[in-house]
Amino acid sequence: MKLFEYRGKQLFQKYGISIPKGTVIEYEGDHSNLFFPCVLKAQVPVGGRGKAGGIQLAQTREVAKEKLAGIFQMKIGGFQVKKVLAEEKIGVKKELYLSYTLDRSRRMPLLMMSGKGGMDIESVADNLIFKEWINPLIGIQRFHIRGILAKLELEKDEEKKIAPIVLKLYKLFREYDCELVEINPLVISGDEQVIALDAKVIVNDDALYRHPDLVAEHQELTMLEKEAKEKGIAFIQLEGNIGVIANGAGLTMATLDALTHYKGKGGVFLDLGGTDDPEKVKQAFELMKKAKPKVILLNLFGGITKCDTVAKGVSTVISKEGIDCPVISRIKGCNEEIAKDILKDAGLITAGSLQDAAKRSSDLAGW
Amino acid sequence: MSIFVDTNTKVVVQGATGHQGQFHIGEMLNFGTKVVAGVTPGKQGEEVHGVPIFNTVQEAVMETDANTSLVLVPARFSKDAVFEALDAGITTLVVITENIPFHDAMEFVHYAMYKGAVVIGPNCPGIASPGKKAKVGILPSGIFVKGHVGVASRSGTLTYEIVNSLSERGIGQSTCVGLGGDPIIGTTFIDALNAFEQDTETKAVVLVGEIGGTAEEDAAEHITQHIRKPVFAFIAGRTAPPGKRMGHAGAIIARGKGTAKSKIKAFEKAGVKLASFPTEIADLVEKYG
């Protein structure tokens, strides 16, 4: 779960990392706590908001009112702005970059710092980004911090002020089960304070149960995706018009890929997982129907989950609730013959292979 | 031979008395696996399909000489279960559980390294060596035929599909290992490749990868330098958009990393033969002979 910047900053504050003085504006007419000059920052779960006009400076209340009206109208990266963070303007002397991520290859926290803060880290040259890997069995030690700070060519008293922040952010990263904590930029202000101007924090969804203080907002998800998440169904909305239902994430992805091969476009990724519970199958189909695909492609491989029990669930849903778009199915594995008969009786088109199913779905969807 | 599990494998199942535990103990026994013990705290003295249940892994190991653990306990208790098994001297762990917090997995993977133990998973279907009648996990038994192809995969059902299509062509498998769909996993493609390279029974290797991370790129580089056996691969998620988690916790293109394009390019460069559809793997392996 990606936290809003202001939520991330609340965590920073909890760990003793300085942030600018600020207030969260919940709706357009909410001006009472404003101070001037201030920086107005749209709260959205995507990057690139500066370029989109989501960050603006306001010198007076009048200007702020006008700018807030504009920002609250904005959609940035598909997300409607619902909150704005108003902050004091900080005079910047130096901008740094500081983050922790999980290095998947080494399976360790990776500390990254750069003297080139304030821009997209992917656009910073590799030789200007410094890295330290931290074995979780020992945790962060002084030598890690000494080592990386030495490469940044800072003044001694700057190093002294930044070192504790590197340590505190590690604690936050580990204690809040983060996938990413990023301060970009971490600034040294005109009056020699070290302040986190931005906050990007992604908490591992699977660990949210340990963090009751974080409200599960999942603001990066669509309404249907949120509904699916509550029901425990892996459901993702995509740009195309063909709804894919399969069992297993890899198989669902491979099915979407097959569609693309035949110039079709997947509109929904729906992974049934290992379930053959008719109630779950029903919920999955209902969600799929709400996404209004032009064609549904059902791709099942029966292993431990038998093809026929899933097919029974599908046919029950279709016969009871009806379905207003063609459903193409491709069934393979344990009890596939029985399953095919059940689905044929339910009025589904059965295809012989994934390629065949993908081609027919793409043709029907009009690609 | 085979990799990671063979005729010497003696399995203790952690989380043995739940619905999943009972069912899969039966399935593993039918496959021929030596399931020697189960562990569920508080259920000592019970039996599942004739397999004795113990309160702790330590007791199970002392009584039965179990050397391999199948972890089926809920995500919240998995870290504790893995630590318990490692401290009891278990040397191979297969962690099936999904939704284990990444930081927990990171901790137990490193503790296993320190102990010199192998962790397969988490969020994986397990491992099967059909020629050795050893299956530790939840993979469907019916799809396997013994033979000489090693399979390592980041996904479950997709792997069954590929293995099944190999078996239908009469192409058997030495070992099939599900590495898991999480970002932090114990055994990587590189570990599996090294083991298959050493294994005299394995003549070719099939890798089933997907978007997210750089495991395939790392593997490609490793293949170029260290692997002589032919390698075939399928990559899922060529059409996945960036920033979306495609079902598996690990299947996400983040910050420009983990695209299928980059993985396919790396494999092509390493001389790995790539399939466009899952079942095409069988065509490629058959053509190779």
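Just to confirm, what accessible area per residue do you get for the stretch A:21-88 at 1.4 Å probe, in whole Å²?
Ligands and nucleic acids excluded, the figure is 51 Å² per residue.
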| query | What's the carbon and sulfur percent of the stretch A:68-108's accessible surface, probe 1.4 angstrom, rounded to a whole number? | reply | 48 percent
| query | Expressed as a whole percentage, what fraction of the accessible surface of the stretch B:10-120 belongs to carbon and sulfur atoms when a 1.4 Å probe is rolled over the protein heavy atoms? | reply | 49 percent
| message | Applying a 10 Å radius around every beta-carbon, put A:25-33, B:18-26, A:87-95, A:258-266 in order of their mean neighbour count, most first. | response | A:258-266, B:18-26, A:87-95, A:25-33
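When only Cα pairs under 8 Å and 6 or more residues apart are kept, what is the percent relative contact order across the stretch B:36-147?
On the way: 186 pairs, mean separation 20.5, N = 112.
Relative contact order comes out at 18 percent.
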| said: Two decimals, Cα atoms only, Kirkwood Rh: what is Rg/Rh over the stretch A:21-88? | reply: 0.93
| message | Give the aspartates and glutamates whose C-alpha is closer than 14 Å to that of residue A:171, dropping any in the same chain fewer than 8 places away, or say none. | response | A:179, A:182
| Taking the Cα atoms of the stretch A:139-226 alone, what are Rg (to one decimal) and Dmax (as a whole number) in Å? | 16.3, 52
| task | Select from the stretch A:314-334 all residues whose loss of accessible area on going from the chain by itself to the full protein assembly reaches 30 Å² or more (probe 1.4 Å). | result | A:332
| field | Mean Cβ count within 10 Å, highest first, over the residues of peptides A:301-314, B:220-233 | value | A:301-314, B:220-233
| Which FRET efficiency value, to the nearest 0.05, is calculated for residue B:113 and residue A:126 with the Förster distance at 25 angstrom and r the Cβ-Cβ distance? | 0.35
| message | Please compute the Kirkwood hydrodynamic radius of the stretch A:32-157 from all pairs of different C-alpha atoms, in Å with one decimal. | response | 17.4 Å
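Averaged over B:70-79, how many beta carbons belonging to a partner chain fall within 10 Å of each residue's beta carbon?
Details: counts 0, 0, 0, 0, 0, 3, 4, 0, 0, 0.
Across B:70-79, the average partner-chain Cβ count within 10 Å equals 1.
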| Quick one: Debye curve from the C-alpha atoms of chain B, no solvent, what's log10 I(q)/I(0) at q = 0.09, 0.14 Å⁻¹? | -0.40, -0.96
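Please give the average number of partner chain Cβ atoms lying within 10 Å of the Cβ of each residue in A:264-277, rounded to a whole number. Provide the component values of the computation, followed by the final result.
Numbers: counts 1, 1, 3, 0, 0, 7, 1, 4, 1, 4, 6, 0, 0, 0.
Per residue, the average neighbour count from other chains is 2.
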| With the contact rule set at Cα under 8 Å and sequence spacing of 6 or more, what percent relative contact order holds for chain A? | 13 percent
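What are the semi-axes of the equivalent ellipsoid for the stretch A:269-367, taken as the square roots of 5 times the Cα gyration tensor eigenvalues, largest first, in whole Å? The partial results should precede the final answer.
On the way: eigenvalues 70, 54, 29 Å².
Three semi-axes, in Å: 19, 16, 12.
Over the protein assembly as shown, what portion of Cα pair distances is larger than 47 Å, expressed as a whole percent? All intermediate terms of the calculation are to be shown ahead of the outcome.
Numbers: 42665 of 214840 pairs.
Taking all Cα-Cα pairs of the protein assembly as shown, the fraction more than 47 Å apart is 20 percent.
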| query | How big is Rg to Rh over the stretch B:140-288, alpha-carbon atoms, Rh as the Kirkwood inverse-mean-distance radius? | reply | 0.94
| Which Cα, out of B:83, B:3, B:289, lies furthest along the positive dipole direction of chain B (beta carbon charges, K/R +1, D/E -1)? | B:289
| query | By per-residue mean of other Cβ atoms within 10 Å, what is the highest-first order of A:52-64, A:286-298? | reply | A:286-298, A:52-64
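Can you give the net charge of the other residues whose Cβ lies under 10 Å from the Cβ of residue B:242, counting K and R as +1 and D and E as -1? Let's see the in-between values first.
Values: positive: B:244, B:255, B:257; negative: none.
Once all neighbours under 10 Å are counted, the net charge is +3.
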| Hey, rough spin-label estimate for residue B:286 and residue A:51, points 7 angstrom out along Cα→Cβ, what's it come to in nanometres? | 4.8 nm
| request: Round to the nearest 10 and give me the degree value, 0 to 90, for the angle of helix B:75-87's Cα axis relative to the longest principal axis of chain B. | output: 80 degrees
| said: Can you classify the stretch B:10-120 as rounded, prolate or oblate using the Cα gyration tensor, where a ≥ b ≥ c are the square roots of its eigenvalues, rounded means a/c under 1.5, and otherwise it's prolate if a/b beats b/c and oblate if not? | reply: prolate
| task | Calculate I(q)/I(0) for chain A by the Debye formula, one identical point scatterer on each C-alpha and no solvent, and give its log10 at q = 0.08, 0.10, 0.14 Å⁻¹ to two decimals. | result | -0.56, -0.78, -1.09
| Modelled label-to-label distance, residue A:316 and residue A:344, 7 Å Cα→beta-carbon offset: nm? | 2.3 nm
| With each run of n ≥ 4 DSSP H residues scored as -39500 (n - 2.57), what mean residue ellipticity at 222 nm is computed for chain A after dividing by its residue count and rounding to the nearest 500 deg cm²/dmol? | -10500 deg cm²/dmol
| task | May I ask you to derive the FRET efficiency for residue B:56 and residue B:1 from their Cβ-Cβ distance with R0 = 41 Å, giving the value to the nearest 0.05? | result | 0.80
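The values are calculated or read from the model by the stated rules, or taken from the named source; none is laboratory data. Note that the coordinates shown come from a computational prediction; the quantities given were computed from them, not determined experimentally. Virtual Cβ from ideal backbone geometry, glycine too; neighbours counted across all protein chains shown. Areas reflect the complete protein model, heavy atoms only, side chains present, ligands, DNA and RNA absent. Shrake-Rupley method; radii C 1.70, N 1.55, O 1.52, S 1.80 Å.
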